[in-house]
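The values are calculated or read from the model by the stated rules, or taken from the named source; none is laboratory data. Remember, predicted model here, so these are calculated numbers, not experimental data. With ligands, DNA and RNA removed, areas are computed over all heavy atoms of the protein, side chains included. Shrake-Rupley method; radii C 1.70, N 1.55, O 1.52, S 1.80 Å.
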Amino acid sequence: MGNAIEIRNLYKAYPEFELKNISFSVPEGLCCGFVGPNGAGKSTTLRILAGMASADSGETRLLGKLTGDISVKEEIGILFDQPYFPEDWTPLDIEKNFCPFYHDWDSSQYKNYLSSFGLNPKQKFKHLSRGMKLKLSIAVHLSHNARLLLLDEPTGGLDPSARDDLMDILREYLIPENRTILFSTHITSDLERLADMIVYISQGEISYCGMTEDLISSYCTVRGRHLPKEKRNAAIGLRESGSGYECLMPISGIGGLPSDAIAERATIDDVVVYMERQRK
C-alpha cells in the first residue's frame, strides 16, 4: 500500500503565524494522531488538506491525488470540531440532499448506521446532542465509502461515554485495511487507544513523525528529591520545587539516577506537556 496522505514543504503564512515548510506522510491503513498545543498549525494543515484554505507553496496529496482534484472529494470524509448541517434538516433530509453527490452512496448502509447509532431518522439536527451530531456526520461519511477521514478535535466537549462510543466507531471503520484516519485532538488518551502513529507539531514545525509505540517507549517521566548536576542536560521540561523535581527524560538517560528517583513510562500527553514546557 502507498501513502494516504503526503505533505511536502507545505508553507502557509498568516500575520501572526506560519506553517514552516512542513513535510510528513501517513501510510494507507493507519490512524495518525496529529498533536500539538493550540496555535501549533494542526487546524491550518487540516483545512488545507480539506480544500478549505489554500497553501502559499508546497504540495499536498490525498490517496495519491492532488488535494485540488475533484475526484478525491468522494473518497474522503471531513469532520471538524463542530458538525454542521442545516438546523431543520433531519437525517432523511440529509440523505436526500447528499446522496446525489456520491456515486457510491449506500442508502441501506446509511439506514443501518442510523439504527446502530440510535439516531431517529426524523429528528431535526438542531435537537441532537453534540455526540449524536458527530455520530450522524460519521454515518454520512461511512455511507459513501470514504477511504480517508480528516478529523479535527472530534471528541472535544463529549462526555466519557460518548467519546468511548466514537472510539469504537472509528476502530470498526479501520478494519478494512485500505482506510486511514488523520485525527487531531488534545485528548491524547484517545490516541493511545487508537493511533498507530503520531505527528507532533509545534510553532508551525514538525517535531516528531513516527509510530506511537516508538515515541512513548523512548521517554519516561522522572521525579525525585534531587536531580544530580550531570543529569540536568538529559532532563526535558524540568520543574523544581522545595519538595523535589519532575521532568521528562529519554530512556537512555535514566541510568545513574539516585535510588529515590521514580521513573515511569511516558504517555503521549507527558511527551507533549514536557516538550512544550522545555520550548517555553
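Region 99-192: percent of C-alpha pairs farther apart than 21 Å? Can you show the working numbers first?
Working: 1416 of 4371 pairs.
Result: 32 percent of Cα pairs exceed 21 Å.
Regarding region 130-264, what is the average projected area of its C-alpha convex hull, in nm²?
Numbers: hull surface 43.8 nm².
Spelled out: convex hull of the Cα atoms, projected over all directions, averaged, 11.0 nm².
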Worksheet item: Nearest 10 degrees, 0 to 90: what angle lies between the long axis of helix 268-279 and the longest principal axis of the chain (Cα atoms)?
Response: 60 degrees
Worksheet item: Relative to the longest principal Cα axis of the chain, at what angle does helix 107-116 sit, 0 to 90 degrees, rounded to 10?
Response: 50 degrees
Worksheet entry | Per residue, in Å², the accessible surface of the chain once ligands and nucleic acids are set aside, probe 1.4 Å | 48 Å²
Item to complete: Return the whole-Å distance between the Cα centroid of region 151-221 and the Cα centroid of region 92-122.
Response: 27 Å
Worksheet item: Of Ser143, Ser116, Ser107, which has the largest mean-square fluctuation in a 10 Å C-alpha GNM of the chain?
Response: Ser116
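What is the gain in length, in nm to one decimal, between Lys280 and Asp104 on full extension, counting 0.36 nm per residue of separation less the C-alpha to C-alpha distance? Don't skip to the end; give the middle numbers.
On the way: separation 176, 0.36 × 176 = 63.36 nm, distance 4.85 nm.
Computed gain between Lys280 and Asp104 is 58.5 nm.
Leaving out ligands, DNA and RNA, and with a 1.4 Å probe, what % of the accessible surface on the chain is carbon or sulfur? Show your work: numbers first, answer last.
Details: 6430 of 13440 Å².
The value for the chain is 48 percent carbon and sulfur by accessible area.
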Worksheet item: If only Cα atoms are counted, what is the Rg of region 199-280, and what is its Dmax, in Å?
Response: 12.8, 40
Worksheet, complete the sentence: So the number of lysine pairs in region 49-201 with alpha-carbon atoms under 21 angstrom apart, 8 or more residues apart or on different chains, is 19
